[in-house]
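> What follows is a single structure, and I will ask about it in a moment.
The values are calculated or read from the model by the stated rules, or taken from the named source; none is laboratory data. If you're wondering where the values come from, they're calculated on a predicted model, not measured in any experiment. All Cβ positions, glycine included, derive from the backbone under ideal geometry; neighbour counts span all protein chains shown.
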Amino acid sequence: MLTIPIDWTTIARGTPYSPAAFAFVQGGLGYTAELFANRDMDCYELEEFDPHVTGQQLCMGLRDFAIDRFGLLAQVVLKSWGVRRTEDFGVIVFRMAELELLRTSPQDSEEDFRAIFQFDEVFHERDLVDCIGSNQ
């Protein structure tokens with residue numbers, strides 16, 4: 001597969017988010033799609049699978065991706081990029097869709113990302129220590 005470099009600085013321009021937040025969401029989208037594809041394929045033995053994930057699924061996948069990549073510092077890293085709520089993931093996704101870097105379905109909306117979880121709860125140090133290194 002041919003990889004085309006993306007200028008994340010240009011993509012992030014005019015938003016409150018770091019270019020790294022956009023790159024993270026792109027990487028996390030692939031991580032999430034694979035995560036849900038494996039679950040669905042195993043559970044339903046589907047021959048064909050639609051790789052589309054919902055806003056809620058993406059938020060959960062991005063949470064796991066952040067923990068996998070940054071461990072106990074997940075919330076600190078996301079916060080440094082301007083990402084403090086699941087709604088921020090939605091803004092980033094729809095900015096990328098606007099620029100045709102990814103596709104959304106007609107049923108998708110930024111509302112799908114509203115209050116999926118609270119960062120202080122899912123990235124709480126006590127809980128992260130228990131799940132880091134496990135399959136969560």
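> Kindly evaluate Ala20 against the criterion of being hydrophobic (A, V, I, L, M, F, W, C), over 15 Å from Val122 (Cβ atoms), modelled with pLDDT of 95 or more and surrounded by fewer than 18 Cβ atoms within 10 Å (Cβ to Cβ).
When the stated conditions are applied, Ala20 passes them.
> Identify, from the list Phe70, Phe94, Phe89, the residue that is more than 14 Å from Ala12 (Cα to Cα) and surrounded by 14 or more Cβ atoms within 10 Å (Cβ to Cβ).
Phe70
> Is it the case, given these coordinates, that Arg13 is touching a Gly at 6+ places or on another chain (Cβ under 9 Å), surrounded by fewer than 17 Cβ atoms within 10 Å (Cβ to Cβ), modelled with pLDDT of 85 or more and farther than 16 Å from Phe117 by Cβ?
no
> Only residues that are surrounded by fewer than 21 Cβ atoms within 10 Å (Cβ to Cβ), of a type in the set (D, E, K, R) and touching a residue at least 24 places away in the same chain (Cβ under 8 Å): list them for the stretch 49-67, please.
Asp64
Okay, residues lined up against (1) among the β-branched types (Val, Ile, Thr); (2) at pLDDT 90 or above; (3) touching a Lys or Arg at 6+ places or on another chain (Cβ under 9 Å):
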{"residue": "Arg39", "(1), (2), (3)": "no, no, no"}
{"residue": "Gly82", "(1), (2), (3)": "no, yes, no"}
{"residue": "Val93", "(1), (2), (3)": "yes, yes, no"}
{"residue": "Met96", "(1), (2), (3)": "no, yes, no"}
{"residue": "Asp108", "(1), (2), (3)": "no, yes, no"}
{"residue": "Glu111", "(1), (2), (3)": "no, yes, no"}
{"residue": "Asp120", "(1), (2), (3)": "no, yes, no"}
